[in-house]
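First the structure, in the form of structure tokens, and then the observations on it.
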Amino acid sequence: MEPTRGDYDMEEVDGINELRERMEAADSVEDWSHILKEYISWGNSKISKNVGIFNMNSATDCPNADSSVESQSSTGACQVPWEDCYAHVSENVYPDTLAYRRRQEYLWDCLDAETFGEAFLSLVSRKRNEVTAVRFSEAGDFRHRGDIIKTDRIAQILAREGIEVYTYSASHKLNWREARNFTVNQSNTVREYGDRLFTALPEGTDLPDSMVWCPHSLEKERKGVTSDEAIQCGDCRLCIEEDGPDVAIHLH
Ligand code: SF4
């Protein structure tokens with residue numbers, strides 16, 4: 001049976017008691033960094049391994065789940081049809097994905113920005129690979145003002161080590177003017193917010209001067225390379241930098 005969106009019993013989430021026990025025992029930034037380490041992933045087929053990824057909620061519990069421009073949620077409107085949301089599909093295909101993301105949400109809601117940011121820098125200090133950026137919300141989306149303020153403070157802390165924070169959001173009803181220290185890619189066209197528009201357009205579209213094709217999408221489309229072989233986010237910084245053009249990916 002498909003899990004119930006946004007309305008679940010935390011006691012039923014696999015692994016929650018182990019996480020709680022570890023959180024109760026944590027009494028230093030280093031302790032928190034070891035917990036956080038298990039909830040940060042590094043890259044995927046599109047994102048460089050120098051980029052950390054953290055979800056503040058799952059796609060199943062996304063505030064914009066199953067919404068559209070015509071049928072908006074209280075926070076926004078997703079441009080991706082619900083049945084095509086690959087983050088949601090993966091939560092129904094892979095056994096631990098939904099529970100893992102629900103534990104991420106629990107950790108996110110329990111940790112203040114200072115502890116999250118300092119713990120992240122502590123875990124980075126033990127890594128051999130350089131860390132250049134953090135992508136928030138590969139699955140899910142920003143739920144409310146508190147998510148923006150917390151992410152903004154974390155971005156301020158990470159900036160001390162030159163690590164930039166970026167996200168894509170369809171929560172157009174939130175006040176994004178408070179996102180002063182991280183980059184927001186606007187992912188619906190209901191209104192203008194964030195730092196740039198990030199949208200999908202058919203191949204062959206004549207782009208305006210203010211917009212470029214995403215190099216990853218372009219290499220896959222025109223050179224026929226796989227996602228792993230195309231340039232990665234992190235090596236390309238178009239969505240990470242605050243300033244710069246709007247970005248289009250190819251619509252399929
Ligand atoms: S434009 Fe660059 S950073 Fe943005 S999605 Fe494409 S490859 Fe990633």
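Structure above, values below:
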item: GluC sites (Glu not before Pro) within the stretch 49-119: DSSP coil, no more than 13 neighbouring Cβ in 10 Å; result: 70
item: Gap separating the Cα centres of the stretch 203-252 and the stretch 139-173, nearest whole Å; result: 22
item: Helical contribution to [θ] at 222 nm, DSSP H n ≥ 4, -39,500 (n - 2.57), averaged over the chain, rounded to 500; result: -8500 deg cm²/dmol
item: Share, in percent, of DSSP beta bridges within the chain that are antiparallel, nearest 5; result: 10
item: Sorted by Cβ density within 10 Å, fewest first, the residues 252, 216; result: 252, 216
item: For the chain, Kirkwood radius (reciprocal of mean inverse C-alpha pair distance, Å); result: 18.9
item: Simple spin-label estimate for residue 84 and residue 128 in nanometres, 7 Å along Cα-Cβ; result: 4.1
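Values in this text are rule-based calculations from the coordinates and carry no lab data. Everything quoted here is computed from the prediction, not taken from an experiment. Here Cβ is always computed from backbone atoms with ideal geometry, including for glycine, and neighbour counts include all displayed protein chains.
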